1. Only one of (1) at pLDDT 90 or above; (2) small (Gly, Ala, Ser); (3) open to solvent by less than 20 Å² (accessible area, probe 1.4 Å) fails for GLY53. Which number is that?
2. Considering only region 61-119, state which residues are in a helix (DSSP H, G or I), in contact (Cβ under 8 Å) with a residue 40 or more places away in the chain and more than 15 Å from the chain's Cα centre (by Cα).
3. With the structure loaded, tell me whether THR156 is under 17 Å from the mean Cα position of the chain (by Cα), surrounded by fewer than 17 Cβ atoms within 10 Å (Cβ to Cβ) and of a type in the set (Val, Ile, Thr) or whether it fails that test.
4. Can you pull out the helices (runs of 4 or more DSSP H) entirely within region 131-238 that have at least 2 residues that are under 20 Å from PHE77 (Cβ atoms) and either modelled with pLDDT of 90 or more or touching a strand residue (DSSP E or B) at 6+ places or on another chain (Cβ under 9 Å) (or both)?
5. Among ARG111, ARG95, which is the only one that is out of contact with any Lys or Arg (no Cβ under 9 Å at 6 or more places or on another chain), basic (Lys, Arg) and closer than 23 Å to PHE172 by Cβ?
6. Restricting to region 6-25, what's the tally of residues that are among the polar types (S, T, N, Q) and either at pLDDT below 90 or not in a helix (DSSP H, G or I) (or both)?
7. Looking at (1) over 21 Å from LEU105 (Cα atoms); (2) in contact (Cβ under 8 Å) with a residue 24 or more places away in the chain, which is the one condition that is false for ALA33?
8. Take the conditions modelled with pLDDT of 95 or more, open to solvent by 60 Å² or more (accessible area, probe 1.4 Å) and either in a helix (DSSP H, G or I) or within 26 Å of THR156 (Cα to Cα) (or both) and apply them to GLU32. Does it pass?
Amino acid sequence: MNILTIRETLKAGSPHNAERQLARIAHDHGDEALALLVADLTPGEVASFLEEGDYSKPSEVTQFLTVEQFMEALGRFGAKWGKISKKDGRELLLRLKEDVATFILPTLLHREDHLFIEAMLEDTLGEDIIVALPLYETGYLEFLREFDAGMAQKGTWQELYAVIQEMDPKTFKALRQHVYELSDHQSDEDEEQDEDVDLKTEGVKFLRRTLQRLSDQAAKHAEAGSGVEETEDVFRGI
């Protein structure tokens, strides 16, 4: 079994089967063979594998990716989103944010070298994604104010922030402060007076901008790779 076999399986729309093929290669031929195969994967193929995994069972490719492969795969994420409208509310944005979290967290948290976390923090969009992850999650402000790494929920943004605190306390404090600045303070009465208040808060606007930049980045890669990319009406099925 070689890279062409894996590639054909992915093209057939079966990332789950391709993942099983990778596991078989690792079992039969060892990590060295798997590492050589992963090195030949394109960013789009890497993205397909990362989308298939989750925190409880990350993709077989996770431990063998380079920083460049991971960041380029992240750059392809959001290709199906298209234009995020200013009228798209917080509920939709949170669902898209959850998709991003599911994509990046297994790799970030299962790599003990923390190289991918460092790469995201050094990248403007990557850092904004990390800032966006806690926004509007249950009890996010309380958790950050009374931060206790030992209480962080595994596999979530909380664990990521705990790792960052251990890596670089100064960076952790800066990220936490940024989240504070984006938190909303309107009252229930304010919300009743303005039906669109949810669309105007700084946190929602930041979240929308960050997700749109991720979508724009993916569209540029798609355009460079295959010409025209359809992006209209992508939210109809969501």
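The values are calculated or read from the model by the stated rules, or taken from the named source; none is laboratory data. All values derive from a computational prediction rather than experimental measurement. Heads up, the Cβs are rebuilt from the backbone with ideal geometry, glycines too, and the neighbour counts pull from every protein chain shown. We work out accessible area using only protein heavy atoms, side chains counted, and drop any ligands, DNA or RNA first. Shrake-Rupley method; radii C 1.70, N 1.55, O 1.52, S 1.80 Å.
1. (1)
2. Correct list: GLN63, ARG90, LEU92, LEU115.
3. Details: under 17 Å from the mean Cα position of the chain (by Cα): yes; surrounded by fewer than 17 Cβ atoms within 10 Å (Cβ to Cβ): no; of a type in the set (Val, Ile, Thr): yes.
So THR156 fails the test.
4. Helices (runs of 4 or more DSSP H) meeting the threshold: 157-167, 202-226.
5. Values: ARG95 fails: closer than 23 Å to PHE172 by Cβ.
Every option except ARG111 fails the conditions.
6. Here is the first cut: in region 6-25, the residues among the polar types (S, T, N, Q) are 9, 14, 17, 21.
Okay, now just the ones that are also either at pLDDT below 90 or not in a helix (DSSP H, G or I) (or both), so 14.
Of the residues in region 6-25, 1 are among the polar types (S, T, N, Q) and either at pLDDT below 90 or not in a helix (DSSP H, G or I) (or both).
7. Against the list (1) over 21 Å from LEU105 (Cα atoms); (2) in contact (Cβ under 8 Å) with a residue 24 or more places away in the chain, ALA33 comes up short only on (2).
8. Values: modelled with pLDDT of 95 or more: no; open to solvent by 60 Å² or more (accessible area, probe 1.4 Å): yes; either in a helix (DSSP H, G or I) or within 26 Å of THR156 (Cα to Cα) (or both): yes.
Spelling it out, it is not the case that GLU32 is modelled with pLDDT of 95 or more, open to solvent by 60 Å² or more (accessible area, probe 1.4 Å) and either in a helix (DSSP H, G or I) or within 26 Å of THR156 (Cα to Cα) (or both).
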